[in-house]
Amino acid sequence: MAKVEVEEETGGSSQSAPQAELVVGLPGVVNVERVRAVAAQWSGVGHRVAVVYPCVPGMSEAPETLGDGAGVRVVAKEIAAIASATAPWLGLPAVYAALLAEAESLGAGACVILNPDLAAFTPAVVDALMRPIRESQCDLAMPLYRAGPFDGLLNQAILAPVTRALFGKRIRYPLAQDFAVSAGFLPGLRQSISTPAAGQGLLWPATEAVIREKKVCQVYLPVHHEYPMAGMDLPALLQQIVAPLFADMDRHASLWQRVRGSHSPTESGAEPMPDEAPPATSPDPRPMVEAFQLGQRNLQELWSLVLTPVTLLELKKLSRQPLESFRMPDELWSHVVYDFGLAYRLRTLSRGHLLGAMAPLYLGWVGSRVLEVESGVPWVSRQEQLERAFEQNKPYLVQRWRWPDRFNP
Amino acid sequence: MKQAGSMADPLWFKDAVIYELHVRAFMDSNNDGIGDFAGLMQKLDYVQDLGVTCLWLLPFFPSPLRDDGYDISDYMNVNPSYGTLDDFKAFLAAAHERGIQVMVELVVNHTSDQHPWFERARHAPKGSPERAYYVWTDDDQLYKDARIIFTDTEKSNWTWDPVAEQYYWHRFFSHQPDLNYDNPLVMEEVLNIMRYWLDMGVDGLRIDAIPYLVERDGTNCENLPETHTVMKNIRAAIDKDYESRVILAEANQWPADVRPYFGDGDECHMAFHFPLMPRMYMALRQEDALPITEIMAQTPGIPDNCQWGIFLRNHDELTLEMVSDEERDYMYFAYSADPRMRINIGIRRRLAPLVDNNRRRIELLNSLLFSFPGTPILYYGDEIGMGDNIYLGDRNGVRTPMQWTGDRNAGFSRAVPAKLFSPVVMDPVWGYEAINVEAQQSDPSSLLSWMRNMIALRKLFRVFGRGSLKFLHPSNRKVLAYVREEGDERVLCVANLSRFPQPAQLDLSEYAGLRPVEMLGYVEFPKIEKTPYAITLSQYGFLWLELQGELEPEEPEVPRDAALRLQHAADWKTVLAGAGRDRLEQEWLPAFLLKQRWFGGKSRQITTTTISDWGRMGDHALALIEVTYGGGDRDTYFVPLAVSIGAAGEAISRSHGAAVLAAVTTPDGSGYLHDAMFDDEAGRELLALVGRSGELAMQHGTVRGLPSANFAELRGEEMLEPRRGSAEQSNTSIMFGNRLILKLFRRQQPGPNPDTEIGRYLTEHSGFRAIAPFGGEVEYQPVGRAADETAKSTFAMLQGLVPNEGDGWEWTLEELQRYFEQVSVIPMPEEHFPRSHVSLTELSEHPESDWTREHVGTYLDAAALLGRRTAEMHLALAQPTKDEAFAPEPMTEAELSVLRAALSEHANAAFDALRQNLSRLPAEVEEMSGLVLSRRRRVAERLGRVGDLSTSGLRTRVHGDYHLGQVLRSRGDFVILDFEGEPARSLMERRAKQSPMKDVAGMLRSFSYAAYSELMRVLTRRPGDADRLEPWARLWEQSVCSAFLHAYRLTMRAAGVVLVPTPAEAFEQLLEIYVLDKALYELMYELNNRPAWIRIPLAGILALPLR
């Protein structure tokens, strides 16, 4: 193990710190020993790297410089709250803001943010994310993960299609865990999460890049993150992830309403062969469909405040389908998501109840997707079809957004 | 402690939706029957939900309340009825938390007579500083030309104070003495009051009664230059210490009179557009778009960082001050059948009652309010269609408590009804049981829901707050159509002012290929073609249509960086010779040029732009851009460039988007490449270059600063802050303090620039001082052609800044406005009727009669002075010299022959054009056009006799483009500007020697234009007065021309130089030819650009005797 030099740091400030060419930020609770161990392996790679992770006030350790000469520096930044209690893998805006600010103050040429599970904390992944920043003048490099049909279902169902339709960029993982930011985009991205309103939400780097007309690229990464979902309350999850998306939708309405069509960002890295074959094991769709049917019976009153009569009728028909033929049409699902987004803006229901009322509908969509995949539908192209449907139905959202009259078809 | 403003964007007010309310009338929290800040705080969620972004609070300060709070007795506190200062601070914080800005009202023209300052002033000795807080006199005849505003109650603007034993001045009620802004202590007190509220975090100040701040004898005491100085001082003080704060001016004046309150963007940020408001009601009632299009045509442009405030109703009466007598009568008949509805000069009614509670009309008017250029201001209660109570006194009928619910006291207060500060509206149609917030909140089809949706929709589109306005002119005048445009946002608005459905054909050919998408429902309409676009609107219907281009192809993005990457902000090699050059030449420069007012090739197709030379100037760059058009013609433009990073770059991008060429990134952050004239440092560098006779190396030439002999004197020693002029035309101006102006010549032509050439000549080689003193120039010399004068070009010229009261044109129009106001009520006696044809010699030899002088007044002296200055200029330009460019030459026969040919050619072209366009001309000028055409042969004969002139004087350098717009009125004298000649002509033509008579003719025609354009403006309001006022216009023109010519010839004679023909006949012949030529040129211009104005040159041609 490399020799560790310890320096004094006062008040978390890094004014006296040496300049870093690259800052790697780990926005959550990390295994510090492992961070040190991995970072030590990077020393002597030829450029100055600072690895920054958050720690609670009073627990700050002095920064360490690992390795001889041009080494790696490990810095603990004091931040009041480091991670969400319910979904620790969701980075808090304040943590992101602190890491990005640190990168700015160190004068970094770029900043790479990685999931604190450290699955991507390797020189190869960092280099892959950095390459488009360095070579193609990208401002933001977003990840393309090797994922199976049932990985990141909330992303597939809502986040990716809505981001693409709204902002015209086909970003596969808008709520990225691993991404790289150029020096030019650092201040803008930090500012976007430094307002009190944004502090309540999540960081959507690609959305901010589109708003600021920054260039976005996507990089194939051989990384897989595990998200411990067991026992997690679905309405709470929707509240944590989808509510911030809807809030962002409201915040940027004047921008996305004039975006039409969509473009694929430039992609780099080794694209894996598409694996369209059904997986060996899949979740049981029955309880999901039953949850949807239960919602159909019990939540009519709430749904009718949010959804249009035609959508309600379609859902009613869907709830009567036998399991084998249970399929949620893309158009119907896009209308459901858009209507909930609008209801969020208009506060038609209390926002907590609103997301709760959405949960059975989401389960209905998941059940439908599981059944489709099991039946051999190629899921990669199916996802593209769904996202296109969101794009095609965007005028429906714009129309309802601009004139939110309840008297509609 | 000083609180920051709540907005980062200094132009936030452009996108705002303002809600005007009185704390007293909004919500009562402590049940004392009077609204208060705690009540207002309770209702902030309502305001936020409505979507308004800024609250304007009517005066809430301690006051005897004899004028609804506009009589303030303590500026630093809150009226106890409305709460405490802490309540206000809590309210302010709560509003900011919701993203709502707060604007407070400052009434600083006057105070209450119970203000301690006034008490102190009354008891202080005469002439003491305490007494001088107000305006006092022993003689109430001072300022007698100032009108009385509240004619119903006040007999004089002076009131005797027995304690002070003097009269005190008050423009409003006698209990509201005016503050004395000539006293610096008053100014300091007012600034302290402003700082007090701004320190708390208040976002804006609405300043009441601005035009009346300063008084001067012999004037009407309105809009005086000294008032502008006061406003500039206030603005400077606010800008110095605060960011993103706003001043909203209340100046109930014509748009042209309000315009100066914006200054060069250094006075008020916003001002109300008062005349628009009654015209919206007039247009609706008359079912005719004309009142609106007409007032907007009279609305001048304002600086980029300023905004109009527009409104349908407010706390005062619907003011009819800014309409003609006839229009006022109409408005009274149309909107105030019951005389109780009238007060002062206006109608005291709310919006909904004015339009007979017709929902469609309310929506239509609001659609205009939300889509017109300016920031909309809503009056509380109008969003639910509240009614009024005309049986209450003064304007209290429109200031009744807000109607929240159907409960007791409309939910405004739980006090016993008798205790309310004002009764709530209770009748069956307008009463709170029928109209209230609670009911409308639960009704998705209510007016409140509609307003909420419309406000939200407006806020989605920046174009409404910031875009340009262009009216379309459908032949059906019941339909009002206009396009708002900003960047790539374009919105077409169409409104049917009629109570019946209406069709319209719109000329949208310039938008061919775009598709209108209805904005409320996002409904696609048929694509626009070159042919007229047919549209049908339901009764009082309106459409907002976003004009969308074709969807971009779904190709993956070109892997190319949108922003140019630079090593540092001054990495000009990359920008101009490296990676940036191709993109500059191919993408950025063509787009940039088309957005510049100074670019003269907008109507032509640009085929290429090339950076023909460039060099560094400090951190900036100077570039010459060669533009090639289809057909091969070329122009060269001078473009100084700068890169601004971070906040500075963002500020330029936001405030001066058209000046930005491209986005850049540097290791220090991202920013923008932009026109360096928006960078103060670049201005300083240019000035320094002149001052130090500096040289800069370009790639293919040299740039030199050349100071004049009196540069140091003009420059002075103090620090000079640069600022951009607002009136950019073909050039760009930068002012340095109050001393210098640097004029950048954008279009570059090789050869000596006549403006600098004549400026330098007159400054350094003559005693003529009625010009802006020449301070120096920046010239460019291509490499290898050092000795070649014709290869040089001029980048910029520096001149002394002349203090002035405006240019001669504006000043003359103001004089004419007063003239027509005076004579409009006087029938012209038959014996004084001016003749239709009058000889120019006769004019020059017979000065005006006493009767004429009595009516035309002192302008005659001004015209004579201008005549003398013109002659002196010509004499200075004709003095003997060895400088070939200036040495006078005789007018030879050959030259007269060339002149004859040129004039004949102009005349033929003008007559042909008039004949071809005869059928398209307005009916009222048909007869005049026919008469002019019938004179074609006489004109040809007259021009043909040019060669017969035996004495035609000398040919000298002349001004070349001489008219009233080229002179400044300065300290009772005139200063002559702009020796550039007509910009459209070649440099050779502009430098050619000509008869000085050309300038004389130019000024005579300018007098004619001034007289008739003001007449036309007056007649738009009083069309029935045409026959009565036309002779007065003619009288003014003839007498002013006479005074000008008389003085001109007298000065010439006294000098003893035969510069222009001395014999009367020859003088007349030569002048008449030039006047004729100028009038024919104007005829061509108006035919091509403004057919409605063609009457002026036609009358000019017909007035010439052509003997």
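Just so it is clear, none of the values below were taken in a lab; they were calculated from the coordinates. On a predicted model such as this, the values are computed, not experimentally measured, just so you know. FYI the Cβ positions are ideal-geometry reconstructions off the backbone, even for glycines, and counts take in every protein chain you see.
With coordinates expressed along the principal axes, the C-alpha atoms belonging to the range B:402-487 extend over 55, 29, 27 Å, beginning with the largest. Over the residues of the protein assembly as shown, the helix contribution to mean residue ellipticity at 222 nm works out to -11500 deg cm²/dmol, using -39500 (n - 2.57) for each DSSP H run of at least 4.
So if R0 is 41 Å, what FRET efficiency would B:Asp45 and B:Val416 give, r being the distance between their Cβ atoms, rounded to the nearest 0.05?
Plugging the Cβ-Cβ distance into 1/(1 + (r/R0)^6) gives 0.90.
Of the chymotrypsin sites (Phe, Trp or Tyr not before Pro) found in the range A:139-225, none is in coil by DSSP with at most 14 other Cβ atoms within 10 Å of its Cβ. Counting 0.36 nm for each residue step from B:Arg616 to B:Ser934 and taking away their Cα separation leaves a gain of 108.4 nm. Summarising the amide proton neighbourhood of A:Leu144: residues at separation of 5 or more, or on other chains, whose placed amide H is nearer than 5 Å comprise A:Val219, A:Tyr220, A:Leu221.
The charge dipole of chain B, taken about its Cα centre with unit charges on the Cβ of Lys, Arg, Asp and Glu (plus for the first two, minus for the last two), comes to roughly 1840 debye. The B:Asn192 and B:Ala4 beta-carbon pair, evaluated with R₀ = 22 Å, returns a calculated FRET efficiency of approximately 0.65.
Using the Cα centre of the range A:18-268 as the reference point, and only Cβ charges (+1 on K/R, -1 on D/E), how large is the resulting charge dipole? Debye, rounded to the nearest 20.
Details: 19 positive and 21 negative charges, 158 e Å.
Value, rounded to 20: 760 debye.
Seen from a random direction on average, the alpha-carbon convex hull of the range A:286-402 projects onto 7.0 square nanometres.
In this label model, B:Ala697 and A:Ala124 are separated by 5.3 nm, measuring between points 7 Å along each Cα→Cβ vector. Karplus-derived 3J(HN,Hα) values for the range B:574-585, using 6.51 cos²θ - 1.76 cosθ + 1.60 with θ = phi - 60°, are 5, 5, 9, 10, x, 4, x, 4, 4, 5, 4, 5 Hz; glycine and proline are entered as x.
Taking a point 7 Å from the Cα of B:Ala709 along the Cα-to-Cβ direction, the residues of the range B:742-768 with backbone N closer than 19 Å to it are B:756-768. Of the Cα atoms belonging to chain A, the radius of gyration and Dmax stand at 22.3, 71 Å. The three principal axes of the Cα atoms in the range B:431-574 give end-to-end lengths of 72, 43, 30 Å, sorted in falling order.
Under the 0.36 nm per residue contour assumption, what length would be gained going from the current alpha-carbon distance of B:Asp138 and B:Ala901 to full extension? Before the final figure, lay out each step's value.
Values: separation 763, 0.36 × 763 = 274.68 nm, distance 6.86 nm.
Residue separation times 0.36 nm, minus the Cα-Cα distance, leaves 267.8 nm.
Once you've got the GNM for chain A with C-alpha springs shorter than 10 Å, pick whichever of A:Thr281, A:Thr195, A:Thr207 has the biggest mean-square fluctuation. With Cα springs under 10 Å in chain A, the top fluctuation among A:Thr281, A:Thr195, A:Thr207 is at A:Thr281.
Once C-alpha pairs closer than 8 Å and six or more residues apart are averaged by separation and normalised to the residue number of the range A:286-402, the relative contact order reads 40 percent. Calculated FRET efficiency, B:Ala579 to B:Ala512, Cβ-Cβ distance, R0 = 45 Å: about 0.80 to the nearest 0.05.
Distance between the C-alpha centres of the range B:1030-1107 and the range B:379-438: 64 Å, rounded to the whole angstrom.
With no solvent and one equal point scatterer per Cα, compute the Debye intensity ratio I(q)/I(0) for the range B:892-946 at 0.18, 0.20, 0.31 Å⁻¹ and report its log10, rounded to two decimals. Rounded to two decimals, the profile gives -0.63, -0.72, -1.17. Working from Cα pairs under 8 Å separated by at least six residues, relative contact order for chain A is 15 percent. Amide H contacts of B:Thr375 (H built 1.01 Å from N, in plane; Pro and chain starts excluded): B:Trp308, B:Gly309, B:Ile310 sit under 5 Å, all sequence-distant by 5 or more or on other chains. For chain A, take the longest principal axis of its alpha carbons; what is the angle in degrees between that and the long axis of helix A:286-298, to the nearest 10 within 0 to 90? Approximately 60 degrees, to the nearest ten. Applied to the range B:503-512, the Karplus parametrisation 6.51 cos²θ - 1.76 cosθ + 1.60 on θ = phi - 60° returns per-residue 3J(HN,Hα) values of x, 8, 10, 10, 7, 10, 4, 6, 10, 3 Hz, with x for Gly and Pro. Compared with the direct C-alpha span, the chain from B:Glu718 to B:Ala236 gains 171.7 nm at full extension, assuming 0.36 nm per residue.
Calculate how steeply helix A:351-374 sits against the longest principal axis of the alpha-carbon atoms of chain A, using the helix alpha-carbon long axis, and give the answer as 0 to 90 degrees to the nearest 10. Long axis of A:351-374 versus the principal axis of chain A: about 80 degrees.
With a 10 Å cut-off around each Cβ of A:398-408, the average count of Cβ atoms from other chains is 5.
Less than 5 angstrom separates the built amide H of B:Val78 from those of B:Leu85, all sequence-distant by 5 or more or on a different chain.
DSSP bridge analysis restricted to the protein assembly as shown gives an antiparallel fraction near 70%, rounded to the nearest 5. Taking the range B:1-159 as the region of interest, the number of lysine pairs whose Cα atoms are within less than 30 Å, with members eight or more places apart or on different chains, is 9. Rounded to the nearest 5, the antiparallel percentage of DSSP beta bridges internal to the range A:18-268 is 30%. In chain A, the longest principal axis of the Cα atoms and the axis of helix A:379-392 are about 70 degrees apart. The mean sequence separation of alpha-carbon pairs under 8 Å and at least six residues apart, normalised by the residue count of the range B:179-290, gives a relative contact order of 23 percent.
For the range B:471-548, taking the reciprocal of the average inverse distance between every pair of different Cα atoms yields a Kirkwood hydrodynamic radius of 12.4 Å.
How long are the three semi-axes of the equivalent ellipsoid for the range B:963-1085, computed from the Cα gyration tensor as the root of 5 times each eigenvalue, in whole Å, largest first? Present the calculation step by step, with values, prior to reporting the outcome.
Working: eigenvalues 151, 72, 49 Å².
After diagonalising the Cα gyration tensor, the semi-axes are 27, 19, 16 Å.
Expressed per residue, the C-alpha convex hull volume of chain B stands at 195 Å³. Using the Karplus relation 6.51 cos²θ - 1.76 cosθ + 1.60 with θ = phi - 60°, the per-residue 3J(HN,Hα) values for the range A:400-409 come to 5, 5, 6, 9, x, 7, 6, 7, 9, x Hz, with x marking Gly and Pro. The share of alpha-carbon pairs in the protein assembly as shown lying farther apart than 60 Å comes to 27%.
Candidate membrane-span-like segments in chain B, meaning DSSP H helices with Cα atoms spread over at least 30 Å of their own axis and a Kyte-Doolittle mean of 0.0 or above, are B:997-1021, B:1064-1089, with no membrane implied.
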